[in-house]
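Presented below is the structure to which this report refers.
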């Protein structure tokens, strides 16, 4: 794909900022995410085929723009830590959006597969950021399987669902939590990520493993939502879970660049676990209201925190966000 990406980059105007290239690729993903939520808020029915094609097309477009933005930065001499943060930050968010596609089209009505697919898609990026924090190297592959291959696998899933209908996946994956297929797939995914864990532990020592505890705690807690709440608000549950993982991921990225210590004590885990507990202690309607409130407050706080980081980097580096010109 690199020759194609290089040709696209060469066709871009020199005044177009790399971060703007990333945003141009990211916005269509957000639009299809909203359309997907509106079309099937409860993962209760097969989505229309046009949605599968839309996901496939927007994923391919984002992948292309995400690959081109770095080339555009080198062409224009505008590479900066701010661009790296922006690129990796949107990659984190796009991971959440792409999981929404997999959940609604391939795993609909099967919460074990929905939760497992989120864990599989998020853990790779989290471990990569964790490894970079300790070794200075951001891995883009697990063995022979790289980011591009994973993205094309997801896009192929969407394309096949568009051609044959989402039932082709839903019938195959409708499985109980103790199914042999689910366990076998989990074993393969775990095996893929043994290498980055071993590499990081060799560089940083066993103490680094404590930084994975809040991530593991989030994954474990997500398995214990009250079933009625999970059935009535599955997308909200996944969104809140994803935001918690995003928060830990973006910290690893920022603190790696700033060479600041990353704290294993992540406060976001406590309210998350509390919300899971409240889903059992409160009536479903009340627990759902609490879930909405928690998601809105935490999401708003994340926006403020990230905006503050971006502003500080702009002032420190003297660069603009969406313009190649230097800040005055």
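For segment 153-167, the set of residues classified as part of a helix (DSSP H, G or I) and buried (at least 16 other Cβ atoms within 10 Å of the Cβ) consists of 154, 155, 157, 158, 159, 160, 161, 162, listed by residue number. Here is the figure for segment 1-24: residues that are part of a helix (DSSP H, G or I) and in contact with a helix residue (DSSP H, G or I) (Cβ under 9 Å, 6 or more places away or on another chain) total 14.
Mind listing just one residue for me: the one in segment 204-221 that is surrounded by 14 or more Cβ atoms within 10 Å (Cβ to Cβ) and modelled with pLDDT under 85 and, of those, farthest from residue 249 (Cα to Cα)? First the steps, then the outcome.
Of segment 204-221, the ones surrounded by 14 or more Cβ atoms within 10 Å (Cβ to Cβ) are 204, 208-209, 211-212, 214-215, 217-219, 221.
From what is left, the residues that are modelled with pLDDT under 85 are 204, 208.
Values: 204: 18, 208: 15 Å.
Only one residue tops the list, namely 204.
Evaluate segment 57-75: report whether one residue or more is surrounded by fewer than 18 Cβ atoms within 10 Å (Cβ to Cβ) and within 26 Å of residue 317 (Cβ to Cβ). Within segment 57-75, one or more residues are surrounded by fewer than 18 Cβ atoms within 10 Å (Cβ to Cβ) and within 26 Å of residue 317 (Cβ to Cβ).
Of all the numbered requirements in (1) more than 24 Å from residue 81 (Cα to Cα); (2) surrounded by 13 or more Cβ atoms within 10 Å (Cβ to Cβ), residue 321 misses one, and that requirement is (1).
Among the candidates 175, 195, single out the residue that is outside any helix (DSSP H, G or I) and either modelled with pLDDT under 65 or surrounded by 13 or more Cβ atoms within 10 Å (Cβ to Cβ) (or both).
None of the others qualify; the one that does is 175.
When restricted to residues that are surrounded by fewer than 21 Cβ atoms within 10 Å (Cβ to Cβ) and either in contact with a strand residue (DSSP E or B) (Cβ under 6 Å, 6 or more places away or on another chain) or in contact (Cβ under 8 Å) with a residue 24 or more places away in the chain (or both), segment 257-292 contains 13. Restricting attention to segment 40-56 and to residues that are in a helix (DSSP H, G or I) and in contact (Cβ under 8 Å) with a residue 40 or more places away in the chain, the residue that is surrounded by the most Cβ atoms within 10 Å (Cβ to Cβ) turns out to be 55.
The values are calculated or read from the model by the stated rules, or taken from the named source; none is laboratory data. What you see is a predicted model; the values in this text were computed from it and never measured. Cβ: placed from backbone, ideal geometry, glycine included. Neighbour counts: every protein chain shown.
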